[in-house]
Every structure is written in C-alpha cells, then in structure tokens.
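One structure below.
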Amino acid sequence: MKKIGVLTSGGDSPGMNAAVMAVAKGAALHNMPLVGIKHGYNGLLRKSTSLADDMEELHLDTVLDIADRPGTYLRTARCREFLDPEWRQVAADTLRAMGIEGLVVIGGDGSFHGAEYLCKLGIPCIGIPGTIDNDLPYTEMTLGYDTAVNVCVDAVRAIRATSRSHDRPHVVEVMGRHCGDIALTTAVSTGAEIVLVPEVPWSVEETAKKLNRQLYKGNTRATIVVAEGCWESMEPFDMYTFLNSHGKRCYEGEPISASRFASIMKRMCNMIEVRSTVVGYTQRGAEPTARDSAFAFEAGTLAVDLLSKGVSNQVIGMRMGKVFYMSIDEALQEKRKFNRSLYDLVNSL
C-alpha cells in the first residue's frame, strides 16, 4: 500500500488527535504518505472550492504536537449525503483519484457504517471507535469515554462539596445520548445516591420518594446523576400542570430539562432547594486521559499495520484490557448489554 488516509467523523471525542498522531507514526514506519481528510466524510465529497480545505498531507512534525490536544485537528462533521449510494461512489472515486489506497476511520457507529460502504466499493478501511458515549457493544471502551467520565467525576465531586456546604440536593446532567454508561460510572465513582439512564424506565414520583428518603436520613446534599437521554425513558408526567400549579411558570411545548426536573424535585420534597448543573461539552473538550491516549496509540498503529498487510473491513476495540480487531459487520451486529445490577445497587443504597 503506497498511500493511506485518515479522518475523524461524528461527534468529537478526546483522544482523536492522539489516534491521528499514532496513525502518522505507523504510516512513517511503513514509509507510506498519509493524507488527513477534513470534516469527516464531507472532505471526500469535495464540498469546498479548494482541495486544501478538504485534505491535508500529514507529516510527523505536523501531528506530534497535537496528540495531547482536545478536539480534533482534522475537524469533524456528520455527513447525511453518505446515506446516498451516488455520494458514496463520489467518495470512493475521490480516494482513488488522490492515490489513497486505504482509509482509517475514527468515529462511532454511523462512521463505521460509512467505512463498511467504502469497503464494498473496494476501498480498504479500518475503524477506530471514537465516541465519548461508549455505545459500541463490541468493545469495552471507546476512545474518549474514560476522559468524559473523569470530567464528570471531577464536576460531581466539586458539586457535592458545595451541596454539602449549603445542604442542597443537586441534579447533574451528563452526556451519553442513548447510552447511560457515563452517568452510571460517574454515579458509582462519586457516591451519588440516584442515577437515571435511558436504558431503564423510571418515574418522577418514585425518584422524589428516593430523594425524600435521603432527606429523612439526614442526607441533605444527595446527588441525582442523569444521563442526557434519560428523559426518553421517563414515565408519563404532566410537568406543565404540576409546575404551573406550584408557582413555577412552564409553557406547553417546553421540554423537560435538568433545571425543570430540579424544580419538580424541590416541590415534591418539602420545598428544599434543589439545584442543577449540566456538565455539557466540557466532556468532549478535555485533554485525553492516559488511558485514552494509550488506547489511541495502540489502535492507530494497529490500524496502519492491518492496512499494510492487506487486512480490511475491520474495527479495533478493547477486550479484557487488550486491543483486538474484528469485522465491521460483526461488530455492528452485537447487542449492547447495560449493567442493570450495578444500576439497581446505586439506586437501592
């Protein structure tokens, strides 16, 4: 293989730059030029007027200093056009025209589907799981997940300190989309009393009862960690009628949020002050932890090694603490298992 490419796709995650640097090191070891495709798959569709806006030749002296930076040097974006077979053919033609014979794709499940499409068009691809959500079932961890959890743990520890000082329970919302792993691991790591995730149905009334039990025991700084997607598994609750009838203005059509949920808990728990914090994009924009950086290094160099040996249509992951690879098709078919016993343990203590 004479030349390879690398792109970061989907949501950005800590460690993407470290993975790009590792791919660059692997390419240099095999004497292969490396091209960075910008803005995910969009760069392959040549949406820009200048080639330099879509692609960049990467050298070690360019990428060595980006490994510990948050975000992604190559930029990232979702590409809905890639759902269209005609646009996928454009991407494959672009790669061939540039002399790029293999591609490393760093992203989540949508990005892996894109890589699988390109493999069917004759472009060898290797995937590296880059998403903070940890929602790819075939691997124990995804690139950026450990960093995101550590950001959330630091946030909750700081919040619990001030909650203790003011005797105020707190609702902390973390990211994870449809996956509650960040929320659950954060709750376990910080001693949070309640955790709510999209995988398990829950009710507002039962959560209020749990919080009231904590208050009755004298725990006036209890923490409720909620995953951003937990609202989709919430049992029906008339937030508008409840809040408006309790003196808190709420208009029809306004969505449930951590702030409104805290207001509901306040009014269901004897008007004790309940505050809320949304950790937000700090989870994505943090410097990668040592664990994420090490995973990025092994995954990036392995991806290049596989391409150099003619191995394609594979994704790299972590099992039993060791890096491995398997076919994209098999990886995408695996079913995710949520740790329900650990979830129940957190909420029962």
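The values are calculated or read from the model by the stated rules, or taken from the named source; none is laboratory data. Predicted, not measured: the structure shown is a model, and the values here were computed from it. FYI the Cβ positions are ideal-geometry reconstructions off the backbone, even for glycines, and counts take in every protein chain you see.
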**Failed criterion for ILE106 (all others in (1) outside any strand (DSSP E or B); (2) in contact with a strand residue (DSSP E or B) (Cβ under 8 Å, 6 or more places away or on another chain) hold)** = (1)
**Message:** For the structure I just gave you, tell me whether VAL225 is over 22 Å from ARG267 (Cα atoms), touching a residue at least 40 places away in the same chain (Cβ under 8 Å) and not in a loop (DSSP other than H, G, I, E, B).
**Reply:** no
**Asked** Got a sec? Which helices (runs of 4 or more DSSP H) wholly within region 234-349 have at least 3 residues that are under 24 Å from PRO201 (Cα atoms)?
**Response** 239-245, 258-268, 340-348
**Prompt:** So how many residues does region 33-67 have that are under 24 Å from the mean Cα position of the chain (by Cα) and on the phi > 0 side of the Ramachandran plot?
**Reply:** 2
**Request:** Working only within region 235-273, note down all residues that are among the aliphatic types (A, V, I, L, M) and within 17 Å of ALA155 (Cα to Cα).
**Result:** ALA258
**Message:** Show the residue pairs meeting these rules: Cβ distance below 6 Å; 6+ apart or different chains; first residue within region 161-172 and touching a residue at least 24 places away in the same chain (Cβ under 8 Å); second residue in a strand (DSSP E or B).
**Reply:** SER163/HIS170; ARG168/ARG275; HIS170/THR223; HIS170/ARG275; VAL171/ILE224; VAL171/SER276; VAL172/VAL225; VAL172/THR277
**Complete:** Restricting attention to region 163-180, the residues that are more than 16 Å from ALA258 (Cβ to Cβ) and not small (Gly, Ala, Ser) number exactly 5
**Item:** Criterion (in contact with a strand residue (DSSP E or B) (Cβ under 6 Å, 6 or more places away or on another chain), outside the structural domain of ALA208 (by TED's automatic domain parsing) and over 30 Å from LYS3 (Cβ atoms)) met by exactly one of GLU140, GLU173
**Value:** GLU140
**Request:** Return the total of residues in region 178-215 being at pLDDT below 95 and among the polar types (S, T, N, Q).
**Result:** 0
**Request:** Go through the residues of region 149-168 one by one and say whether even a single one is part of a strand (DSSP E or B) and within 22 Å of SER348 (Cα to Cα).
**Result:** no
**Asked** Looking at region 25-36, which of the residues that are without any contact (Cβ under 8 Å) to a residue 60 or more places away in the chain and not in a loop (DSSP other than H, G, I, E, B) is surrounded by the fewest Cβ atoms within 10 Å (Cβ to Cβ)?
**Response** ALA28
